[in-house]
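The values are calculated or read from the model by the stated rules, or taken from the named source; none is laboratory data. Please read all numbers here as calculations on a predicted model, not as lab measurements. Every residue, glycine among them, receives a Cβ derived from its backbone with ideal geometry; neighbour counts consider all protein chains shown. To get the accessible areas, we keep the full protein, side chains included, count just its heavy atoms, and leave off ligands, DNA and RNA. Shrake-Rupley method; radii C 1.70, N 1.55, O 1.52, S 1.80 Å.
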Amino acid sequence: VRLFDAPGAGAFWASGVLARLPMGMFGVAAVVMIARTHGSYALAGAISATGLAAAALLAPLVARLVDRHGQARVAVPAVLLAVLGNLLLVLAVWTAAPAWTLFLCAATASTAPNTGGMARARWAHLYRGDSPDRVRARHTANSLEQATDELCFMLGPVVAVTLCLGLFPEAGTLLATVLLAAGTLLFAAQRRTEPPVASRLAGGRAPLTVPGMPALLCVFLCTGAVFGSMEVVTVAHTDALGHAALAGPVLALQAAGSCAAGLAYGLLRPRGGLRRRFTGCVALMAALMTLPLLAAWAGGLALLAAALLVAGMATAPTMVTAMTLVQRLVPAARINEGMTIAVTALLGGIAAGAALGGQAAEHLDAHWPYALPAAAAATAAAVALTTAATSRRPRLP
């Protein structure tokens, strides 16, 4: 509650939530829409992958423009182009246009700005400084933003599937487009909390060249692989148990656990160095990600659901400390670019994890695929621990 004492904080956070909810809707809405109208999950998956690949290329460029020219000046045209792409995609599906037009529309729709990154940049500006109160406020703000992300990705797919199946195939994408436009425009209108634009001379080093960032991006990539593989593997496992319809609620428990842990973590007073907290959170995530594997071996959907709920509790603290570390490493003048590159690595890991999870679910027994997210989490922990042990940089406070 104390976070929102800052004038305008509540307004930009609420509009940011509205703009981020569609990000949990677009992927599944597009897959359902294309699969139901064209009768091909392969085509739907390929188009979804195209949009994700385009976003991986375009998002850092959009973020760099945000850092150079300001959030409002860049976010508004970027989101309008994304809205145009989504509307053209709906039109192409509705008119049974050639498949290549769907790929083009999906790529055009990938210019949406990273509202979560811009919101975190606003919190960092509002509570800038190294005093204990300011450090604690940034920690709480990052925890709030991570819990918000988890909530959006928990509710988004449910809303999208309900609309697509209950109304008409294009309904999910249409509502997501309206929410994206309204939320981003309202967010951009909150000018008094917008961070000032730094001069180019004060831009600092490119985020990818900052010491520590490559290893941190590897952790983001591996964490994304945990998310992507866990989703596909859980869908396949519940189907094998004869409860395919319960895959969504079971996965929602993982997001719910992460959301609750994010809020709880934000209430804690940060203790110890930031790098030590980050390493501890990644190691805890690796340990807890073994629980779904053990639950799958033991059998029973209820046990698996409980394991996913507990395992999810480690992901939000990991992401909170990782994003805080990005903010500390990257020059302030390029903070949007740095956080967007981190999100891009996360999305790349999700895509790779989903692909590997599909292969594992198809060729391995029902329980063994859960070794994949556990292995991805263990790799993230190994990278974090190795980096902490070999780093010669001064420890961050």
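Checked against (1) modelled with pLDDT of 80 or more; (2) under 23 Å from A182 (Cα atoms), A30 meets all criteria but (1).
Every residue, every condition in (1) in contact with a Ser or Thr (Cβ under 9 Å, 6 or more places away or on another chain); (2) open to solvent by 10 Å² or more (accessible area, probe 1.4 Å); (3) among the small types (G, A, S); (4) at pLDDT 80 or above, yes or no:
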| position | (1), (2), (3), (4) |
| --- | --- |
| V232 | no, yes, no, no |
| A236 | no, yes, yes, no |
| G242 | no, yes, yes, no |
| R271 | no, yes, no, no |
| A295 | no, no, yes, yes |
| A298 | no, yes, yes, yes |
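Scanning segment 295-307 for residues that are among the small types (G, A, S) and within 21 Å of the chain's Cα centre (by Cα) turns up nothing.
Restricting T50, T101 to residues that are polar (S, T, N, Q) and either modelled with pLDDT of 80 or more or touching a Leu at 6+ places or on another chain (Cβ under 7 Å) (or both) narrows the list to T101. For G312, the test of being out of contact with any helix residue (DSSP H, G or I) (no Cβ under 9 Å at 6 or more places or on another chain) and under 23 Å from A252 (Cα atoms) is failed. Filtered by the rule that a residue be in a helix (DSSP H, G or I) and small (G, A, S), segment 1-26 gives A9, G10, A11, A14, S15, G16, A19, G24.
Within segment 373-387, residues that are within 20 Å of L274 (Cα to Cα) sit with their Cβ atoms under 8 Å from residues that are open to solvent by 10 Å² or more (accessible area, probe 1.4 Å) and not in a helix (DSSP H, G or I), at 6+ positions apart or across chains, in these pairs: T387/G212.
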